[in-house]
Structures are given as structure tokens and as C-alpha cells.
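The values are calculated or read from the model by the stated rules, or taken from the named source; none is laboratory data. Everything numeric here is computed off the predicted structure, so don't read it as measured data. Cβ coordinates were reconstructed from backbone atoms using ideal geometry, including for glycine residues, and neighbour counts include every protein chain displayed. With ligands, DNA and RNA removed, areas are computed over all heavy atoms of the protein, side chains included. Shrake-Rupley method; radii C 1.70, N 1.55, O 1.52, S 1.80 Å.
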Amino acid sequence: LLQGVTTIFGGVCGASLAPLLSGDLNSIRKWTDTTQININWHTVAELLKVLERRGLGVNFGTLVGHSTIRRGLVREDARDLTVPELEALKKVIRDAIKEGAFGLSTGLGYAHSRRVPYSEIKELARVVAEKGGVYATHLRDDREGVLASVEETIKIAEETGVKTLISHFKPIVGFEKDHQKAVELIHRAAASLNIHFDSYPFDETIVPIYTLLPGWAQMGNLEIML
């Protein structure tokens, strides 16, 4: 508040505190020790009531974390969803937005979402668009594949009409030229689409250290990786 920040958002990069299909917080283990958190909510509506009782000093909004609801449904399985499973996630998103969530976020650069097919993201983004929500994404690749990842995101916006945000879009040392080309792609797309990106002007990151492992090692949960 002393810095002038009056509103904060949770649920970015595919991980949110709600809705919890299985009643655990596995999707945020990469950032904190979830065994120290006592959970007495499942839905977005219940989470917001808990936060209201705590009396936060700032306004709080949340997105639905794609990894949170997907892992709540299929656990650690790295596979495509069945049709009934996809329909179940679409209903979860509809209900969450109705209860106050602002949209959906994906963390496509993380192990549990990197292999999620485009078709799944498109179907879920279409639901968000229908509800007037925002689709925010942590790109699938912000290094060698940054151009392809930005093109994928623009395609989602084009084909669904969803309001789109690329989260923490930043130049990585060694990939500055591709990043510049990616910025130009977004700029051109913004002429006809509601697409934006945010960034942070730091030379440090809070991205979990396991993302520095080679791709073959980024499989399963943290215990399997170790």
C-alpha cells in the first residue's frame, strides 16, 4: 500500500489457490511448503470468503490455474484429456468465473503443462471468452521457441476472441533478437486483437530452479525429478 499498490492478482502461470478439485495445493509446491497451509475451501467462492474474513489491505482477484484444475483431475499423468475430462474442466471454469474468478491462466513452460495440446487450451480459452474473462499465459518456451510460443498465443486469441495477456514477457540473455521479433508480432496482432503482455525490469527471477533441468528430467513431481 505504501508503494501505491492497491490491487493484486493471484492464480497466474497455471497455479491458483482455487478451485481445488482434490483438496490439495500440489500445483503451488514449486513456490512454498504446502504442508504448512491449512485449507478450508474448495471453490473460488469459498476462497474469497476466507480472504474477506482475514481483511486484506488490498483488493484481490484471482484467475483459475489450468495446472491446478488439470492435476486435480488427472494427477501426475502426462496425457491428453478424454472428452468427458475436458468437459469437466470447462464446467469448472464456467462455475469459477461465475463465482468471481477473472479468467484462466496457463503455465505452459512448466513440466506439467508443457505437453498440453493446443486443442485443449483452445477449448478452455473459448469458454473464458464466452464468459468475458481473460486468458493469461506463461509461454511454452521463452528461449529457442519464443517466436513459436508467441505465435501459438496469438492464434488462441484469433480463434477464440479471448482477451489475452502474456505474463512476465522478458528478454533472455542470448535470445534478444528473437524476443524483439516476438514483440513485433504482438504489436501487429494488437491492431485487431485484445492482446497484451506484462514484464518485470529485473535481472533475477522467481521461476523454480527445476526449470533449468534438461527437458527429459522435467517429468513427474518434484520427488521423481530429484
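A Gaussian network model of the chain, with springs between Cα atoms under 10 Å, assigns the largest mean-square fluctuation among 69, 209, 166 to 209.
How large is the charge dipole for the chain, taken about the Cα centre, if only the Cβ atoms of Lys, Arg (+1) and Asp, Glu (-1) carry charge, to the nearest 20 debye?
400 debye
In the full protein context, segment 162-226 carries 69 Å² of accessible surface per residue, based on a 1.4 Å probe and ignoring ligands, DNA and RNA. The helix-based estimate of mean residue ellipticity at 222 nm for the chain, built from -39,500 (n - 2.57) per DSSP H run of four or more residues and divided by its residue count, is -11500 deg cm²/dmol to the nearest 500.
Membrane-span-like helices of the chain, defined as complete DSSP H segments with a Cα extent of 27 Å or more along the helix axis and a mean Kyte hydropathy of at least -1.0, are absent. Taking 38, 26, 194 in turn, the Gaussian network model of the chain (Cα-Cα springs below 10 Å) assigns the largest fluctuation to 38.
Taking the protein heavy atoms of the chain in the context of the full set of protein chains, the accessible area attributed to carbon and sulfur is 56 percent at 1.4 Å. Note on the chain: with a GNM built from Cα contacts shorter than 10 Å, the maximum mean-square fluctuation among 94, 188, 70 falls on 188.
The distance separating the Cα centre of segment 1-52 from that of segment 98-165 comes to 20 Å. With the simple model of a label 7 Å out from the Cα in the direction of the Cβ, residue 40 to residue 225 spans 3.2 nm. If a spin label sat at a point 7 angstrom from the Cα of residue 173 along the line to its beta carbon, the backbone N atoms of segment 128-165 nearer than 18 Å would be those of 142-144.
Using alpha-carbon pairs under 8 Å, 6+ residues apart, how would you state the relative contact order of the chain in percent?
Values: 363 pairs, mean separation 41.1, N = 226.
Value for the chain: 18 percent.
Candidates 62, 187, 205 compared by Cα position along the dipole of the chain: farthest toward the positive end lies 62, with charges placed on Cβ. Here are a few candidate values for semi-axes √(5λ) of the Cα gyration tensor in Å: [x] 34, 20, 17; [y] 25, 21, 20; [z] 23, 20, 18. Which one was actually calculated from the structure I just gave you? Answer label, from the structure shown: [y].
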